[in-house]
Amino acid sequence: MKRPQMIAGNWKMNTTYEEGLLLTEALINAHPDPLCEIVLCPPFTHLFGISSLIKTSPIKLGAQTMSQEKNGAFTGEISADMLKSCHCKFVIIGHSERRQIYQEKNTDINQKLTTSIHNQLTPILCIGETLEERNNQQTLSILQNQLKEGLKGLSNDLLINNQIVIAYEPIWAIGTGKVATPDQAQEVHQFIRNFLSSQFSDQLAQQTQLLYGGSVKAENIQALIEKPDIDGALVGGASLTAASFSAIINGAVQTLTR
Ligand code: PEP
């Protein structure tokens, strides 16, 4: 099955509202008809304004996290309904910074993911190991546990009909300039696809887009997405300027059209 390639930008807590609009405008102009999916995940404060800008463009919008609660006394939180009313299609769930800094556990991530799917938001589930875990040969068991716990209670039909995206983001590669080698990333992506096939179905395994994240740049995107199980990238630092993000998108598209 040919899966669409996706390049998603996680802006984290960067850019003012005005800077975010300028960045979006530059990307709209640079990619009027992209041959891959482009998803922008700006801060919450930018979502509505950016949604108006991208209305007639193929660029899609995502959030960086969300609450598992529907509404109520949860000061500072943002619900799935709020994201939908800002025209979000995607939401990143379980980013390592949420896991490490905000102590999100696999159970929280499972609840958020379940809520997102029930609200027709496509989750981008992030999983990844620390350097210590990799050095101790624990990578695959850590990832298996994150997948098992993250997807707990969700049926094959629900996942097939609502679509999920999974991003493999080795923690040691995020924001460090140290990218996983294409072979290291492919090994993990193949493992994730085999997990989906054995725990759910071959159909789900074949349709699910698997992104790599961790110091992706124009210089390394092509070698990564040449690998059969890498369907795109989740980009942090290099998504913050139109020049660097566009160069990654162009690199990905060149590989696809080769
Ligand atoms: C990320 O935080 O999701 C990420 C991949 O960051 P960077 O590209 O900066 O490593």
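Quick notes on this structure:
- If the condition is being open to solvent by 80 Å² or more (accessible area, probe 1.4 Å) and either of a type outside the set (D, E, K, R) or assigned to a helix (DSSP H, G or I) (or both), then region 93-120 contributes Gln100, Ile101, Tyr102, Gln103, Thr107, Gln111, His118, Gln120.
- Selection status of Lys84, more than 16 Å from the ligand (Cβ to nearest atom), part of a loop (DSSP other than H, G, I, E, B) and charged (D, E, K, R): no
- Picking from residues in region 204-237 that are assigned to a loop (DSSP other than H, G, I, E, B), in contact (Cβ under 8 Å) with a residue 40 or more places away in the chain and of a type in the set (Val, Ile, Thr), the one that is farthest from Gly62 (Cα to Cα) is Ile230.
- Matching residues in region 40-92 - criterion: being polar (S, T, N, Q) and open to solvent by 80 Å² or more (accessible area, probe 1.4 Å): Thr45, Thr56, Asn71, Thr75
- Verdict on Gln186 being in contact (Cβ under 8 Å) with a residue 24 or more places away in the chain, open to solvent by 70 Å² or more (accessible area, probe 1.4 Å) and part of a helix (DSSP H, G or I): no
- Within region 247-258, if we keep just the residues that are modelled with pLDDT under 95 and polar (S, T, N, Q), the residue that is farthest from the ligand (Cβ to nearest atom) turns out to be Thr257.
- Total residues in region 108-133, condition in contact with a Pro (Cβ under 7 Å, 6 or more places away or on another chain) and not hydroxyl-bearing (Ser, Thr, Tyr): 4
- The set of residues from region 121-145 being out of contact with any His (no Cβ under 6 Å at 6 or more places or on another chain), closer than 25 Å to Cys88 by Cα and crowded, with 21+ Cβ neighbours inside 10 Å comprises Leu121, Pro123, Ile124, Leu125, Ile127, Gly128.
- Filter result for Lys227 (open to solvent by 10 Å² or more (accessible area, probe 1.4 Å), within 14 Å of the ligand (Cβ to nearest atom) and in contact with a Phe, Trp or Tyr (Cβ under 9 Å, 6 or more places away or on another chain)): no
- One residue from Ser198, Ser244, Ser239 being out of contact with any strand residue (DSSP E or B) (no Cβ under 8 Å at 6 or more places or on another chain) and within 13 Å of the ligand (Cβ to nearest atom): Ser244
- Within region 159-183, being assigned to a helix (DSSP H, G or I), buried (at least 16 other Cβ atoms within 10 Å of the Cβ) and more than 15 Å from the ligand (Cβ to nearest atom) holds for Leu159, Asn162, Pro182.
The values are calculated or read from the model by the stated rules, or taken from the named source; none is laboratory data. Note that the structure is a prediction, hence the values are computed from the model and not measured. Please note: Cβ atoms are built from the backbone with ideal geometry, for glycine as well, and neighbour counts cover all protein chains shown. For the accessible areas, the whole protein counts, side chains as well, though only heavy atoms, and no ligand, DNA or RNA atoms are used. Shrake-Rupley method; radii C 1.70, N 1.55, O 1.52, S 1.80 Å.
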